[in-house]
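The values are calculated or read from the model by the stated rules, or taken from the named source; none is laboratory data. Here the structure is a predicted model, which is why all the values come from computation and not from measurement. Please note: Cβ atoms are built from the backbone with ideal geometry, for glycine as well, and neighbour counts cover all protein chains shown. Surface areas here come from the heavy atoms of the whole protein model, side chains and all, with no ligands, DNA or RNA. Shrake-Rupley method; radii C 1.70, N 1.55, O 1.52, S 1.80 Å.
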Amino acid sequence: MNGNCLYGTIPPEFGSMPNLLSLELHGNGLSGFIPDELYDATKLQLLNVAMQYNYFYQCYRSNGQPVNTGFARGDVNGDLNWGLQGKVLSPQVNRWQSMKGLHLFDNFFSGDLAPELGDLKYLVFLRAQNNVFSGFIPNEITKLDKLREVHLYQNNVYGDLPPDIGLMEDLEDLRVHENEMWGLIPMTFYNLQKMKSIWFQDTLLCEQIDESFECDPDPDVGFEGSISTEIGNMKKLSQILLNNNPFTGTLPTEVGLLENLSVLHIHQTQIQGTVPDEVCLLRDQSLNSETNQGIFYADCRPNNKTGDPYFECKCCSDCCDHTTKVCIADD
């Protein structure tokens, strides 16, 4: 039932379907709360209710009147549709013992990520970006050794990565950017040999102003520490986005072992030194594109004060000024 201009709320009667395996309602104009009765559908393996908020789709009723999913109940004269809401990842989530895919993105879901998420032993996809989930990422999630994708970006999540993240042996794609994250990258993280995409960029600094919070990327807060030489063990890595975090140290020579690497962003960090020749050789492999731009970013533009680059790089596609934050194509 995806993409059909459906509006209103999700009927609680779905929870009375004991053999329901898949519920796909994405790309509509639904609003309201996930009914508690839906947790009674304990055989559910796929829940896709993504793309209700800010998802413009228009069709027409039988009488010719338009349905605009950007508004509540499809009526352009009504309030804006904020999408589905509520604490869908509350402790009740562990009643979905057969769940393999939770696709919740582009809604207004809130609440903490319950430790009971770690009970969903068959979960493969957790796509919950662009909501208002909050709190720490629970360490219990590391029990999910079948989980391949974790998309939690653009939420109100904060804190460091779970210390036992290295136990998630099937993890391929981790995206937590545009949250209030901090801390060192756990050494166990480098055990994830199936990892393909790391999106840690644009960590936010949130400050309270009056009765609300304002959050903006700040290169002086966020993930910190140096990139371990053990990154060379993650041979399948294709995307590493670390910009706007206070990472330190140098770029390890072992990054040159990542022959599938296609995007590397280390600008607006505290990473210094010189790019290893082994990394430059990747520019003749996957670290390239037809436009030859936006592939390898670093703070290699001559500083407008000292005239020296913060990071020496003879093969970057785009060079940024560490002070002014201005980036230009260097190729």
Quiz item: If you place +1 on the Cβ of every Lys and Arg and -1 on the Cβ of every Asp and Glu, how big does the dipole about the Cα centre of the chain come out, in debye to the nearest 20?
Solution: 1100
Exercise. Give the relative contact order (percent, whole number) for the stretch 95-162; include only Cα pairs under 8 Å separated by 6+ residues.
Key: 34
Exercise. Can you send over the solvent-accessible area of SER197, 1.4 Å probe, protein chains only, in Å² to the nearest 10?
Key: 10
Quiz item: With labels modelled as points extended 7 Å from the Cα through the Cβ direction, what inter-label distance (nm, one decimal) is found for ASN303 paired with TYR60?
Solution: 6.4
Quiz item: Between GLU37 and LYS121, what is the label-to-label distance in nm when each label sits 7 Å out along the Cα-to-Cβ direction?
Solution: 3.1
Quiz prompt | Distance violations [Cα-Cα > 20 Å] among LYS121/LYS236; LYS236/LYS325; LYS121/LYS196; LYS143/LYS194 | solution = LYS121/LYS236; LYS236/LYS325; LYS121/LYS196
Quiz item: Out of the stretch 233-286, which trypsin sites (Lys or Arg not before Pro) are coil in DSSP terms and have no more than 15 other C-beta atoms within 10 Å?
Solution: LYS235, LYS236
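Would you mind classifying the stretch 147-193 by shape? Square roots of the alpha carbon gyration tensor eigenvalues, ordered a ≥ b ≥ c; an a/c under 1.5 is rounded, otherwise it is prolate if a/b is larger than b/c and oblate if not.
oblate
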Quiz item: Among VAL49, VAL93, VAL67, which one shows the biggest mean-square fluctuation in a GNM of the chain, springs joining Cα atoms closer than 10 Å?
Solution: VAL67
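Just the accessible area per residue of the chain, please: how many Å² with a 1.4 Å probe?
Working: 15330 Å² over 331 residues.
Heavy-atom accessible area per residue stands at 46 Å².
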Quiz item: GNM, the chain, Cα, under 10 Å: largest mean-square fluctuation among ASP220, ASP160, ASP277?
Solution: ASP277
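Considering only the stretch 122-248, what is the antiparallel percent among its DSSP beta bridges, to the nearest 5? Could you put the intermediate results ahead of the total?
Details: 6 of 26 bridges.
Of the beta bridges lying entirely in the stretch 122-248, close to 25 percent run antiparallel.
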Self-check item: Residues whose placed amide H lies under 5 Å from that of PHE133, excluding near-sequence neighbours
Solution: ASN156
Exercise. Quick one: grab Rg to one decimal and Dmax as a whole number for the chain, Cα atoms only, in Å.
Key: 22.1, 69
Quiz item: Given labels modelled 7 Å from the Cα in the Cβ direction, how far is it in nm from SER110 to ASN288?
Solution: 5.1
